[in-house]
Amino acid sequence: MKQTLFLLLLIFGLHYGAQSQDPACETNKSKFNTIYIEGFGTSLGVTLNYERIVPFNQDKIYGSVGGGLGLVGFYFAPKLQANLLFGHRNFFELGMAGLIIEQTVGPALKVGYRFQRFDKSGLSFQANVVAIFLGDDFLYLPGVALGYSF
């Protein structure tokens, strides 16, 4: 049941984000693409991720959707995620992610900080705390990510 609810929320977030993109933001040469490497956090190991920022409000609220491929132990694990970003350049971040390990979806909730500029290409940094649901248990992990926005 938790997995079904999580996947429905993720699909709704992707659908809503795709429809709410503001074309005016695209014409100002904003840098809404990010590639980054994440350690621990939603990945349980190390993941290579891509995200696309979706503006909801040009001033303060953004969403991001993306995914990655991680290495958990000896397994490659795909990951999907959706985040809400509040702020400008220095963001408060709330997010959901799903990490698929051996045919099991491990849903996760994320709270953290993100530094990312939209006015020019450059460094992106994230630090967060994640709660991963594993059956009846929660696993709490810190996470960090370093990447490049373009």
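The values are calculated or read from the model by the stated rules, or taken from the named source; none is laboratory data. From a predicted model like this one, the values you see are computed outputs, not experimental measurements. All Cβ positions, glycine included, derive from the backbone under ideal geometry; neighbour counts span all protein chains shown.
Taking the listed residues Gly95, Gly106, the one that is touching a Gly at 6+ places or on another chain (Cβ under 9 Å), closer than 27 Å to Lys31 by Cα and small (Gly, Ala, Ser) is Gly95, with no other qualifying. Does the range 55-78 contain any residue that is charged (D, E, K, R) and either part of a strand (DSSP E or B) or buried (at least 20 other Cβ atoms within 10 Å of the Cβ) (or both)? No, the range 55-78 contains no residue that is charged (D, E, K, R) and either part of a strand (DSSP E or B) or buried (at least 20 other Cβ atoms within 10 Å of the Cβ) (or both). Gly87 fulfils the conditions (1) part of a strand (DSSP E or B); (2) within 18 Å of Tyr148 (Cβ to Cβ) except for a single criterion, (2). Has the range 136-144 got any residue that is in contact with a Leu (Cβ under 9 Å, 6 or more places away or on another chain) and under 23 Å from Leu44 (Cβ atoms)? Checked the range 136-144: at least one residue is in contact with a Leu (Cβ under 9 Å, 6 or more places away or on another chain) and under 23 Å from Leu44 (Cβ atoms).
Go over the candidates Leu123, Leu94 one by one and state the one that is part of a strand (DSSP E or B) and in contact (Cβ under 8 Å) with a residue 24 or more places away in the chain. Full working, then the answer.
Working: Leu94 fails: in contact (Cβ under 8 Å) with a residue 24 or more places away in the chain.
The unique qualifying residue is Leu123.
Number of residues in the range 95-120 that are more than 14 Å from the chain's Cα centre (by Cα), loosely packed, with under 13 Cβ neighbours inside 10 Å and within 20 Å of Lys60 (Cα to Cα) equals 2.
For the range 124-140, taking the residues that are modelled with pLDDT of 90 or more and β-branched (Val, Ile, Thr), the one that is surrounded by the most Cβ atoms within 10 Å (Cβ to Cβ) is identified as Val130. Of the residues examined, Gly143 is not one that is more than 14 Å from the chain's Cα centre (by Cα) and crowded, with 18+ Cβ neighbours inside 10 Å.
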